[in-house]
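Student: Have a look at the structure that comes next, please.
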Amino acid sequence: MASRKTKKKEGGAKRAQRASSNVFSNFEQTQIQEFKEAFTLIDQNRDGFIDKEDLKDIYASLGKTNVKDEELESMLKEATGPINFTMFLNLFGAKLLGMDGEETILNAFRMFDPDGKGHIHKDYLKRMMMTQADKFTAEEIDQMFKSSPIDAAGNLDYKSFCYTITHGEEKEE
């Protein structure tokens, strides 16, 4: 079982690292060091990942031994993959910087996609963003479109775009 678990973590770690490589720019070096110390305290078995057993152990060290597995699993599900240090920083960065989660942003885009196609035409989106609620300027929208996955027909792939917003650009390998 250990080799299967290790294999799973190695693949997830690569994904976690790639998914959030720009998170370090959100913090000062002293903050990163403090997060590293906290991560090391929580990573009780020192395998470089925080898992359910690590969470149980840290709670037990704080005197709380009746933590339900569902609570621990809920905590772990906040991450998009195994929780290595980069993912740990990413989770705290999202919380501290007040960024909405990927699912929240996806749901906002889905409101403009009643057929569930996974894309929205850029002209329609631009019109809505310039005329509704917190109105954007044409320049702000053009800037957003520069880093957006838009196909030849002018459709924005909002699922990929949401991933980029919440995780940063995915690096090419």
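Student: Answer yes or no as to whether Met87 is closer than 25 Å to Gln31 by Cβ, open to solvent by less than 90 Å² (accessible area, probe 1.4 Å) and either in a loop (DSSP other than H, G, I, E, B) or at pLDDT 85 or above (or both).
Tutor: yes
Student: Can you find even one residue in the stretch 105-123 that is touching a residue at least 60 places away in the same chain (Cβ under 8 Å) and more than 30 Å from Glu53 (Cβ to Cβ)?
Tutor: yes
Student: In addition: Determine whether the stretch 146-157 contains at least one residue that is on the phi < 0 side of the Ramachandran plot, open to solvent by less than 60 Å² (accessible area, probe 1.4 Å) and part of a helix (DSSP H, G or I).
Tutor: no
Student: Considering each residue of the stretch 40-70, count those that are open to solvent by 80 Å² or more (accessible area, probe 1.4 Å) and of a type in the set (D, E, K, R), and give that number.
Tutor: Of the residues in the stretch 40-70, 5 are open to solvent by 80 Å² or more (accessible area, probe 1.4 Å) and of a type in the set (D, E, K, R).
Student: Test of understanding: among Met130, Met144, which residue is modelled with pLDDT of 90 or more, among the hydrophobic types (A, V, I, L, M, F, W, C) and over 30 Å from Ile42 (Cβ atoms)?
Tutor: Only one candidate passes the filter, namely Met130.
Student: Among the numbered conditions (1) over 19 Å from the mean Cα position of the chain (by Cα); (2) surrounded by fewer than 14 Cβ atoms within 10 Å (Cβ to Cβ), tell me where Lys36 comes up short.
Tutor: That leaves (1) as the condition not met.
Student: Among the residues of the stretch 71-84, write down those that are open to solvent by less than 40 Å² (accessible area, probe 1.4 Å) and within 14 Å of the chain's Cα centre (by Cα).
Tutor: Once the filter is applied, which keeps residues that are open to solvent by less than 40 Å² (accessible area, probe 1.4 Å) and within 14 Å of the chain's Cα centre (by Cα), the stretch 71-84 yields Ala79, Gly81, Pro82, Ile83, Asn84.
Student: Of all residues in the stretch 160-170, how many are touching a Phe, Trp or Tyr at 6+ places or on another chain (Cβ under 8 Å) and either modelled with pLDDT of 90 or more or open to solvent by 70 Å² or more (accessible area, probe 1.4 Å) (or both)?
Tutor: The number of residues fulfilling the criteria is 1.
The values are calculated or read from the model by the stated rules, or taken from the named source; none is laboratory data. Keep in mind it's a predicted model, so treat the numbers as computed, not measured. Backbone-built Cβ (ideal geometry, glycine too); neighbour counts: all protein chains shown. Note: areas computed on protein heavy atoms with side chains; ligands, DNA, RNA excluded. Shrake-Rupley method; radii C 1.70, N 1.55, O 1.52, S 1.80 Å.
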